[in-house]
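Let me begin by presenting the structure, written as structure tokens, before commenting on it.
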Amino acid sequence: MTKNILNKCPVCDCESIHIRSLSQQNIMSELEDYFAEKPPEKIEIIDYEIQQCKNCSLEYSFPLEAGSQSFYQWVTTRAGYYPTSRWEWFAVIEQIDKRERQNSISILDVGCGGGNFLEIAKKLSNTRIVGLDTTPESVQQCQTRGFEVYCETIESFSNKFSSEKFNYILSFHCLEHISQPKQFIESMLSVLKPMGSIFISTPYSPMSVESDWFDILNHPPHHLLRWNKKSYEELADQLGCEIKFYMPQANSVMARTANNFSLSKFGKNQTVSKFKLFQEIIKNPTLFLNIFFDQLKRDRVNKTIAADIVLVELKLF
Ligand SMILES: [Zn+2]
């Protein structure tokens, strides 16, 4: 069913098309499947529509309303929610290390959580690192670990401390949760030193599994925005920035096909032996081949197959 919803893309203000409805009921049952556990009734979920911008192809939720506090209180306490390591943390440190050597520099980490990245970034010498987070418990945790962290949004921080300027501003896995992405980056730009860089990471959407399996954690109420190459390029254009993409190596086409086939047949929470998977492929060769050919068509970034995570660097022209 096509719905006419009057709303404009939060990046380029162009018209969008409706691509999916996600009712409160759908969300609750997808969350139950994902975590193999019934979410508490009190987590106040609302109905969403998913739109796709006709111009920049950003997928975004309507309304652009983040999950409730009770939803986040629940989801953030599920096992594995906060990773202890991310590919892009090391990719950013490598970039900074390579460029700065012994220079004295400053870094701002927006949405630093409990400080796992700050801990890794300690290895950079001559570096002042400041973190921001809006969860008081995370800020407290960082301060106990000895980090300079404030309980502020980037918008409130940049208003209060407009004279503070940083060489690098980092934000890992925040931009997909934000309803006003341009304002978010503009606030970062206002506290960035001339010639400084912003590094941002998000999922690369749709992720490779999403053609065959629905990932509720890459949809609202968790993720409001679903980024790809075109939507990031439009964002950079709107902000007058140049953009560079970094990605880990994507899994091979066979690995992605086998993984997606397994997810579509057995879901996320079953352990499937290679033998069982092979038996199932023999029974459904057409499905396997369809997935394989779909994966061959996956987006390319920097002339290679897109991974599921993207790190972008923004610099003012
Ligand atoms: Zn757009």
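The values are calculated or read from the model by the stated rules, or taken from the named source; none is laboratory data. All figures in this text were calculated on a predicted structure; none of them were measured in a lab. In this analysis, Cβ positions are derived from the backbone assuming ideal geometry, glycine residues included, and neighbour counts consider all displayed protein chains. Accessible surface areas use protein heavy atoms only, side chains included; no ligands, DNA or RNA. Shrake-Rupley method; radii C 1.70, N 1.55, O 1.52, S 1.80 Å.
Brief remarks follow.
- Region 174-187, subset in contact (Cβ under 8 Å) with a residue 40 or more places away in the chain and closer than 21 Å to F117 by Cα, residue farthest from the chain's Cα centre (by Cα): I185
- Within the span defined as region 259-281, every residue fails to be in contact with a Pro (Cβ under 7 Å, 6 or more places away or on another chain) and of a type in the set (A, V, I, L, M, F, W, C).
- Whether a residue is within 24 Å of G114 (Cα to Cα), of a type in the set (D, E, K, R) and in contact with a helix residue (DSSP H, G or I) (Cβ under 7 Å, 6 or more places away or on another chain) was assessed, and R78 passes this test.
- Test result for S171, out of contact with any Lys or Arg (no Cβ under 7 Å at 6 or more places or on another chain), without any contact (Cβ under 8 Å) to a residue 12 or more places away in the chain and not hydrophobic (A, V, I, L, M, F, W, C): no
- Helices (runs of 4 or more DSSP H) (entirely within region 1-102) containing at least 1 residues that are in contact with an Asp or Glu (Cβ under 7 Å, 6 or more places away or on another chain), open to solvent by less than 70 Å² (accessible area, probe 1.4 Å) and charged (D, E, K, R): none
- Only residues that are within 23 Å of M207 (Cβ to Cβ) and either touching a strand residue (DSSP E or B) at 6+ places or on another chain (Cβ under 9 Å) or within 16 Å of the ligand (Cβ to nearest atom) (or both) were counted in region 27-64, giving 18.
- Whichever residue in region 230-288 is more than 16 Å from the ligand (Cβ to nearest atom) and of a type in the set (F, W, Y) and, among such residues, is surrounded by the fewest Cβ atoms within 10 Å (Cβ to Cβ): F275
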